[in-house]
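Colleague: I am attaching a structure below and will ask some questions about it afterwards.
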Amino acid sequence: MSDTPVEPSNETEEIGIETPPTTMMGILKRLGPGLIVAGSIVGSGELIATTKTGAEAGFWLLWLIIIGCVIKVFVQVEFGRYTISSGKTSLYGLNEVPGPAINYQLGGKNNRVNWIMWYWLLMTLASLAQLGGIVGGVGQALQISVPLTEQGRIYNDFTKVQTLLQVKETLVIQAEKRGDEAEAKKVSQEIAKMEAGLDNDDNDGDEYLVLRRKRSRQTEITGTLEGQAFNDFNQVQEQLEKNDSLLSKAKEDGSKLETARLVTEIADAESKLDALGKEYLVLRRQYPINKARMSDIKKSIQTDDDKIWFTDDKIWATIIAVATSLLLVVGRYGFIQTFSTVMVVSFTLITIGNLFALQMNPDWAVTGQDIINGLSFNFTPITEVLGKSPMATALATFGIIGVGAAELISYPYWCQAKGYAKFTGPRDDSPEWAARAKGWLHVLRWDAWGSMVVYTFATIAFYLLGAAILGRAGLNPEGSDMIQTLSVMYEPVFGSIAPTLFLFGAFAVLYSTFFVANASHARVNSDGLRVYGFIPMSEESYRKTVRILSGVFPMVCLSVYIFYPKPAVLILLSGVMQAVMLPMLSAAALYFRYYKTDPRTRPGIAWDVFLWLSAFGMLIAGSWAAYTKLF
């Protein structure tokens with residue numbers, strides 16, 4: 001490959017060398033790439049993955065969520081420093097990192113693609129699947145607000161009633177815990193009235209209600225325990241779950257002695273449980289089967305026992321994907337920046353306001369003890385776990401919250417589109433160039449840290465709402481009713497207008513993510529095709545490819561959702577792939593810092609310390625994410 005720096009930008013105007021701003025107002029006017037990145041962050045990461053983690057783990061993993069937002073900014077700035085210093089793109093830089101590589105000829109040219117770039121290709125495929133989950137989420141939001149078919153209306157009514165019943169059951173438990181018998185009786189009467197209004201011929205709905213209440217009973221049992229009693233109960237249940245898992249493995253391996261030993265040990269532990277402990281154990285063991293049956297019931301209602309294949313959410317997702325393709329083909333940087341900024345800021349402010357207003361409601365308020373638990377660097381007790389593995393969900397979330405691996409790579413492309421590298425000019429030995437480079441790096445740091453503040457506040461708000469409402473109510477956002485479940489977070493504050501408000505916000509945030517991420521993928525992947533040698537290195541070829549991919553990628557994402565309509569799974573899959581790539585990107589950032597950036601633009605010792613800490617943290621998170629999926 002040629003060492004000629006590439007300048008990926010689909011802007012047509014020529015941007016000349018400019019002196020960087022020095023005043024606060026001047027700097028603020030030049031910000032923008034971080035807000036575009038935030039537009040793709042405050043969506044699948046925050047609205048879906050973060051709230052799902054809060055629902056599954058409670059408040060206990062707040063510390064991991066905060067670290068996930070802050071730790072990556074140092075690597076983000078180093079990628080930007082490399083681009084300003086060298087004028088080259090992220091992918092070109094990643095392909096310069098030493099290590100194993102594949103050499104091949106394509107079109108009569110020799111190409112060398114290293115190990116990071118081959119994994120990047122796999123991660124990109126997972127990222128497109130993630131966007132499939134997001135366009136599906138947008139489709140679900142529109143399905144709820146504007147159902148297109150009679151079956152869509154029936155499914156909306158079913159999920160709405162079941163979700164509302166579950167919330168009200170939680171309110172009864174909360175009222176009983178604080179000794180408010182009058183409130184508990186009042187809500188119980190509301191539940192009875194709702195059940196009386198259900199279709200008596202709806203056997204599926206009745207079965208679903210019974211199965212879901214078994215899960216609610218688990219939450220009710222643990223809610224009666226406090227202090228040491230809770231700790232003892234949790235310890236016994238954790239040991240029993242561990243032994244259950246070991247017993248299954250021993251049976252698979254055909255180890256009769258180990259099987260007999262575990263059966264005896266489990267029976268002995270069960271004999272020491274009181275009535276509540278035994279009831280909880282039975283419910284916990286039934287939960288995986290019950291959950292699968294509940295999923296089958298919802299699918300049969302949505303598709304009318306498979307008579308309908310193209311459901312309302314898929315129809316809306318198709319409309320959105322086609323519209324996005326058209327917008328991106330004709331779009332420009334300024335339009336994308338304005339669009340994403342308005343979308344993100346509006347819903348973020350609503351969400352933060354919702355969290356503060358929630359403190360006035362004793363049933364759902366976040367307490368000081370909740371925050372202490374969340375910052376204690378502990379993991380979720382098994383008796384508070386909702387879902388299979390909240391830690392696995394959290395690590396997948398770690399990969400996409402804040403600046404995920406995909407955003408770390410795409411950020412320098414937006415910096416180039418904004419003009420930071422071109423304003424600096426080609427690198428030379430003059431003091432003027434060094435001064436410009438330092439000045440524009442100063443602007444870039446403001447941009448990166450400013451956007452970090454925006455998405456960190458949003459992330460914390462979504463996580464706390466997920467833990468406070470969805471976690472306490474035993475609601476886990478997943479499958480085709482994911483958006484319906486998420487809307488519950490706004491009902492305690494906004495009441496009857498909550499569904500409408502949330503649907504607007506969900507559409508705004510998720511569509512902003514879908515729009516911006518597709519725009520980023522078109523730019524980054526067009527450059528990737530140059531690195532792999534599939535298209536010429538010319539700027540004209542790059543711009544043409546960007547336009548083509550801008551139209552193609554939204555349709556690819558749509559196809560993924562149509563054939564696998566599970567948004568949360570698609571999003572978390574990408575999260576795992578991105579979490580695994582984080583250590584590779586941190587290694588690349590260190591390589592850029594010490595070997596590729598101009599010495600005159602290098603940071604001080606304090607920055608280096610935090611950069612190394614960031615790299616170490618990303619290594620732990622990525623390794624753990626890989627371990628949880630492989631073993």
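The values are calculated or read from the model by the stated rules, or taken from the named source; none is laboratory data. In this text, all values refer to a predicted model and were calculated from it rather than measured experimentally. Heads up, the Cβs are rebuilt from the backbone with ideal geometry, glycines too, and the neighbour counts pull from every protein chain shown. What goes into the accessible areas is simple: the full protein's heavy atoms, side chains included, and nothing from ligands, DNA or RNA. Shrake-Rupley method; radii C 1.70, N 1.55, O 1.52, S 1.80 Å.
Colleague: Quick one: accessible area per residue over region 110-190, 1.4 Å probe, rounded to a whole number of Å²? Working shown, then result.
Modeller: Working: 3280 Å² over 81 residues.
I get 40 Å² per residue for this part.
Colleague: Hey, if you put +1 on the Cβ of every Lys and Arg and -1 on every Asp and Glu Cβ in the chain, which of 59, 128, 529 ends up farthest toward the positive end of that dipole?
Modeller: Comparing the listed Cα positions along the dipole, 529 ranks first.
Colleague: Quick one: Kirkwood hydrodynamic radius for region 538-631, alpha-carbon pairs, angstrom, one decimal? Each step should come with its number before you reach the end.
Modeller: Working: mean 1/r = 0.0600 Å⁻¹.
One over the average 1/r among Cα pairs gives 16.7 Å for region 538-631.
Colleague: Please say if region 403-468 is rounded, prolate or oblate, where rounded means a/c under 1.5 for a ≥ b ≥ c the square roots of the C-alpha gyration tensor eigenvalues, and otherwise the choice is prolate for a/b larger than b/c and oblate otherwise? Could the numbers behind the result be given before it?
Modeller: Values: a/c = 4.57, a/b = 2.80, b/c = 1.63.
Taking the square roots of the gyration eigenvalues as a ≥ b ≥ c, region 403-468 is prolate.
Colleague: Answer rounded, prolate or oblate for region 141-196, using the Cα gyration tensor with square roots of eigenvalues a ≥ b ≥ c: rounded when a/c is under 1.5, else prolate when a/b is larger than b/c, else oblate. Display every interim value, and only then the final one.
Modeller: Numbers: a/c = 4.86, a/b = 2.76, b/c = 1.76.
Prolate, since a/c reaches 1.5 and a/b exceeds b/c.
Colleague: Then there's this: Ignoring everything except DSSP H segments at least 4 long, calculate the 222 nm mean residue ellipticity for the chain; use -39,500 (n - 2.57) per segment, divide by total residues, nearest 500. Walk me through the numbers on the way to the answer.
Modeller: Numbers: 26 runs with 455 residues, N = 631.
Counting only the DSSP helices, I get -24500 deg cm²/dmol.
Colleague: A further question follows. Rounded, prolate or oblate: pick one for region 460-540, where a ≥ b ≥ c are the square roots of the eigenvalues of its C-alpha gyration tensor, a/c under 1.5 means rounded, and failing that, prolate if a/b is larger than b/c, else oblate. Please list the in-between numbers first.
Modeller: Numbers: a/c = 3.99, a/b = 2.93, b/c = 1.36.
Cα axes put region 460-540 in the prolate bin.
Colleague: OK, next. Can you give me the Cα centroid spacing of region 276-299 and region 530-563 in angstrom?
Modeller: For region 276-299 versus region 530-563, the Cα centre distance is 44 Å.
Colleague: Among the lysines, select those whose C-alpha is under 22 Å from the C-alpha of residue 88, and discard any that sit fewer than 8 residues away in the same chain.
Modeller: Cross-link targets: 72, 109, 418, 422, 438, 544, 596.
Colleague: Convex hull volume of the Cα atoms in region 245-293, per residue, in Å³? Let's see the in-between values first.
Modeller: On the way: hull volume 3.4 nm³, N = 49.
Value for region 245-293: 69 Å³ per residue.
Colleague: Taking R0 as 56 Å, what FRET efficiency do you get between residue 538 and residue 296 from their Cβ-Cβ distance, rounded to the nearest 0.05?
Modeller: Details: r = 54 Å, r/R0 = 0.96.
Plugging the Cβ-Cβ distance into 1/(1 + (r/R0)^6) gives 0.55.
Colleague: Roll a 1.4 angstrom probe over the protein heavy atoms and tell me the percent of accessible area of the chain that is carbon or sulfur.
Modeller: On the way: 16490 of 26230 Å².
So the carbon and sulfur contribution to the accessible surface is 63 percent.
Colleague: Next question, about the same structure. Considering the chain, what Rg and Dmax in Å follow from its alpha-carbon atoms?
Modeller: Here Rg and the maximum Cα pair distance are 26.0, 83 Å.
Colleague: Structure shown: which of 249/298; 29/566; 256/566; 186/299; 291/314 lie over 29 Å apart, alpha-carbon to alpha-carbon? Provide the component values of the computation, followed by the final result.
Modeller: Working: 249/298 32 Å; 29/566 40 Å; 256/566 39 Å; 186/299 33 Å; 291/314 24 Å.
From 249/298; 29/566; 256/566; 186/299; 291/314, over 29 Å: 249/298; 29/566; 256/566; 186/299.
Colleague: Moving on. To make sure I understand the rule: partners must be lysines, Cα under 20 Å from the Cα of residue 251, and not fewer than 8 residues away in the same chain. Which ones qualify?
Modeller: 242
Colleague: If you keep only loop residues by DSSP, which chymotrypsin sites (Phe, Trp or Tyr not before Pro) in region 496-603 have at most 15 other Cβ atoms within 10 Å of their Cβ?
Modeller: Values: sites: 502, 504, 507, 511, 514, 515, 532, 534, 542, 561, 563, 591, 592, 594, 595; in loops: 534.
Sparse-neighbourhood loop chymotrypsin sites (Phe, Trp or Tyr not before Pro): 534.
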